[in-house]
Structures are given as structure tokens and as C-alpha cells.
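Encoded as C-alpha cells, the structure appears first; notes follow it.
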Amino acid sequence: MNARIDTTRVGIVGAGPAGLMLSHLLAKAGIDNIVVEKRDRGTIANTHRAGILEHGSVRLLTDSGVDGRVLTEGHRHDGIDLRFAGESHRIDFADLIGESVWLYPQNEVFVDLADARERDGGDVRYSVTDTEVLDQTTDTPKIRFTDVDGTAVEIHCDILVGADGSQSVCRRSIPEQVRTDNFVEYPFAWFGILTEAPPSAPELIYANSEHGFALISQRSDTVQRMYFQCDPGTDASVWTEDQIWEELQKRVDGPDGFQLKRGRIFEQMVLPFRSYVCEPMRYGNLFLAGDAGHTVPPTGAKGLNLALADVRVLFEAIDSFYATKSPELLDGYSDTALARVWRAQNFSYWMTNMLHTRADANPFERKRALGELASVTSSRYGRQYLAEGYTGWPHS
Ligand code: PHB
């Protein structure tokens with residue numbers, strides 16, 4: 001069967017925040033692009049991911065005219081609490097480094113970007129199947145897929161972008177001899193819930209305890225997001241509400257008598273956990289962005305922020321390529337993006353190991369971890385180091 005051929009400058013696989021943000025920036029610069037996505041719009045809008053945006057991510061969304069909803073409906077957070085040995089220690093971002101983060105869930109970022117692409121007449125094709133990429137090392141790389149109506153389509157472009165998430169088809173199209181998969185696994189996962197309850201505290205609480213880690217996050221005045229460290233093999237569906245609340249409460253208990261505000265739990269799931277980086281993030285005219293190129297454990301809330309940071313660098317490289325005909329910035333994309341990726345990998349790995357408790361930890365390891373938490377929280381330099389990484393290093 002002959003495929004219909006559509007031609008564009010930049011072909012983007014994946015309509016998550018990375019793919020749509022890139023598409024939006026390119027369109028604003030007058031660079032034609034097409035996005036293809038295997039999921040439908042409603043499924044992506046209902047996929048719950050992390051909820052913290054660095055100040056640089058917020059600026060990228062608002063400065064590029066996506067939508068100001070992040071500022072009106074998101075909540076600015078000027079700090080977090082690190083809680084260990086039953087006591088809370090505030091990391092005051094505003095005082096330490098004069099920056100903040102915004103609590104604004106990733107699915108809302110997606111909704112804003114999808115609406116902006118629709119408003120601006122963007123070409124985004126949801127619900128496609130059988131996506132493949134080919135001819136990545138030629139001047140006309142291609143995306144082949146079946147569209148929602150069953151038509152076979154081939155997109156011919158100059159530049160191919162893989163923004164198709166951690167299970168990336170684009171990444172897997174790179175021959176194994178020319179890519180290095182760097183990863184570490186962790187002996188734990190996160191049990192995540194959404195609950196109908198008021199916030200338990202004004203800011204997020206990252207809690208370390210002998211029973212394991214817990215994160216008390218938020219969504220709104222009436223819905224909260226919480227997580228606790230669990231075994232990767234855990235079946236979330238067999239846990240009762242009482243068991244979940246007991247497990248969470250145990251991890252934040254302390255002499256101050258802090259109590260979580262409980263409510264009906266309407267979603268419970270186990271999130272996998274690993275650190276991964278693909279090097280390089282390029283193969284010929286195929287460029288990887290976001291989770292397609294790297295995965296971080298959720299502890300530092302870096303996943304979405306890192307994806308948007310990649311997109312900023314990649315957009316500038318593509319824009320410069322069309323403006324000057326020089327591939328210099330495109331040639332530098334992988335190294336430039338990876339420099340930030342490895343800093344974020346370090347931050348996420350550090351936060352994860354510092355805050356979680358391994359099931360087989362011996363008393364030495366347990367007390368060493370408390371020594372590390374005390375060192376970080378008792379020193380202004382320590383708190384500043386954490387605040388800088390958490391709120392996000394400046395974009396170059
Ligand atoms: C969330 O609210 O989902 C969230 C917040 C902070 C994290 C991870 C997840 O570090």
C-alpha cells in the first residue's frame with residue numbers, strides 16, 4: 001500500500017510537554033512542524049505525573065505565550081520541609097537564593113500546551129499507530145505511521161525529534177553500537193495516591209524515617225498527592241485506605257504530633273523508579289528530548305523540568321540552523337543538553353539516596369544518613385546547595 005507523503009521541516013514524535021513545547025516555539029519562529037502521538041488527548045490529560053515546575057520552566061511557558069494559567073492556578077512555593085527523626089527543617093528558597101518553584105501538575109502543562117497548539121493552528125496528530133522512524137542519517141529522515149482514520153502516512157522532514165517518552169521508539173531506532181545506555185536501578189518504588197482532603201501542611205514535606213521515605217505533596221485546596229517508598233513488586237490494588245494512611249502517618253510521626261489530614265483515596269498506583277541517560281542524545285538528524293533521552297527518579301521533581309530545558313536548547317539550535325544554515329548549534333545539542341542532564345541526574349540520585357531507607361540498611365548506614373541530613377539542614381551552604389538544585393540552575 002502506498003503511503004500518503006506529508007512534508008515539513010521538523011517532524012516530532014510525541015505530544016507530551018516536550019514535543020508540544022518544541023512545536024509551539026518552532027511555530028512561533030515560523031518553522032513548520034508536525035507532531036505525531038500514539039495516545040489520544042484525553043489519556044495524556046489524565047496521566048498524573050509530578051507537579052513541581054522550576055522558575056525557568058514557568059518563564060518558558062509564560063514568556064512564549066502558552067498560557068498564564070500556571071501563574072493564576074498554580075501555587076508558588078518558597079520552600080520545602082525536610083523531615084527526619086520526627087522533626088521538620090525548612091529549606092527557605094526565597095531567603096537562600098531568591099527563587100521559588102510552582103506547584104502545577106504536568107497534566108495541566110499538557111492541557112495548556114495542547115490548547116495553545118490548537119489555538120495557533122498547530123498540526124498535532126493524536127491516536128496514531130505503528131509509528132516508525134527511518135532514514136535518520138540522511139537529509140530526509142521520515143516518520144511512518146497509520147493515522148486515526150487508518151491512512152498510512154509518511155512524514156518527510158529535515159530534522160526528526162524523538163520526544164516520545166521513556167519507552168521511546170525513536171531511541172530504540174538508534175543502533176546499539178552507537179549509543180550508550182547509562183542506568184542505575186533502585187531497590188524501591190513509590191506508592192502514590194490522590195486523596196480528597198485539605199493540605200496537611202503549607203508546603204511539601206520530604207520525610208525520611210526508619211520505615212522509609214514519604215512525600216506529602218499537594219494538588220489543590222481539596223485534593224492532595226502523597227507518596228511513600230515501597231517495594232518495587234508491590235500490588236497497589238490490594239492496599240486498603242486504612243493501611244495506606246497508617247503507612248504514610250508512620251513515616252511523618254514525631255514528637256511535634258504532626259498528623260496527616262485524611263480523606264477518601266481515589267487513585268492509588270506504584271511508580272517505577274530508575275535513573276537513565278542515553279548518550280549521545282543524537283543520531284544523524286534524529287534528536288532526543290525529555291524522557292526519550294533520560295529518566296530521573298521523581299524525588300527531585302526534575303523530569304518535566306529537564307524535558308523543557310532540552311527543548312529550549314534544541315529549539316535554539318534548530319532556529320539557528322534555519323537562520324544561518326550552520327549546523328554548529330545542532331552539532332552541540334547533545335553535549336549542551338547532557339551537561340544539564342548529568343547535573344539533574346546527580347541531584348535526583350542524591351536526594352533519592354539521602355531520603356530513602358534501604359530495607360537492608362544496617363545501623364551504621366541508618367545513622368550515617370541522619371548525619372547527612374543534619375549536615376545539609378544545619379548549614380546555610382548545605383541548604384543553599386539543595387535550594388539551587390531544586391529550584392533549577394539558570395538556563396544558559
Ligand atoms: C508531585 O506532586 O507529584 C511531586 C512533587 C514533588 C516531587 C515529586 C512529585 O519531588
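In the chain, what percent of the accessible surface is made up of carbon and sulfur (1.4 Å probe, ligands and nucleic acids excluded)? Mind dumping the intermediate values first?
On the way: 8220 of 16780 Å².
Summing carbon and sulfur atoms, their accessible area is 49 percent of the total for the chain.
Order these peptides, 386-395, 161-170, 112-121, by their mean beta-carbon neighbour count within 10 angstrom, highest first.
Result, highest mean first: 161-170, 386-395, 112-121.
Can you compute the helix-only [θ] at 222 nm over the chain? Use -39500 (n - 2.57) per DSSP H run of at least 4 residues, normalise by all residues, nearest 500 deg cm²/dmol. Before the final figure, lay out each step's value.
Details: 12 runs with 144 residues, N = 396.
About -11500 deg cm²/dmol.
Cα centroid distance between region 284-319 and region 334-396, in Å?
Result: 20 Å between the Cα centres.
Does anyone have the angle between helix 303-324 and the longest principal axis of the chain? Alpha-carbon axes, 0 to 90°, nearest 10?
Roughly 30 degrees between the two axes.
If Lys and Arg each add +1 and Asp and Glu each add -1, what is the summed charge of the other residues whose beta carbon sits under 9 Å from the beta carbon of Glu108?
Overall, the nearby charge balance is -1.
For the Cα atoms of the chain, what angle does the longest principal axis make with the long axis of helix 380-391, in degrees from 0 to 90, nearest 10?
Rounded to the nearest ten degrees, it is 40.
Translational D (Stokes-Einstein, µm²/s) of the chain at 37 °C and 0.692 mPa s when Rh comes from the Kirkwood sum over C-alpha pairs?
On the way: Rh = 22.0 Å.
Taking Rh from Cα pairs, D becomes 149 µm²/s.
Hey, can you rank 50-63, 221-234, 361-374 by average C-beta count inside 10 Å, highest first?
The peptides rank, most packed first, as 50-63, 221-234, 361-374.
Would you work out which of Thr43, Ala317, Ala301 lies farthest towards the positive end of the dipole of the chain, given +1 charges on the beta-carbon of Lys and Arg and -1 on that of Asp and Glu, about the Cα centre?
Value: Ala301.
So how tilted is helix 17-28 from the main axis of the chain? Cα-based, degrees 0 to 90, rounded to 10.
50 degrees
For region 168-252, calculate the relative contact order in percent as a whole number, restricting contacts to Cα pairs under 8 Å that are 6 or more residues apart.
On the way: 110 pairs, mean separation 25.2, N = 85.
So the answer I get is 30 percent.
Rounded to the nearest whole Å², what accessible area per residue is found for region 304-396 with the 1.4 Å probe?
Solvent-accessible surface per residue comes out at 48 Å².
Can you send over the solvent-accessible area of Thr377, 1.4 Å probe, protein chains only, in Å² to the nearest 10?
Accessible area, nearest 10 Å²: 10 Å².
How many lysine pairs does the chain hold where the Cα atoms are under 20 Å apart and the two sit 8 or more places apart or on different chains?
4
The values are calculated or read from the model by the stated rules, or taken from the named source; none is laboratory data. Predicted model, so just to flag it, every value in this text is computed and none were measured. Note that we place each Cβ from the backbone using ideal geometry, even for glycine, and neighbour counts take in every protein chain shown. Side chains included, ligands, DNA and RNA excluded: accessible areas come from the protein's heavy atoms. Shrake-Rupley method; radii C 1.70, N 1.55, O 1.52, S 1.80 Å.
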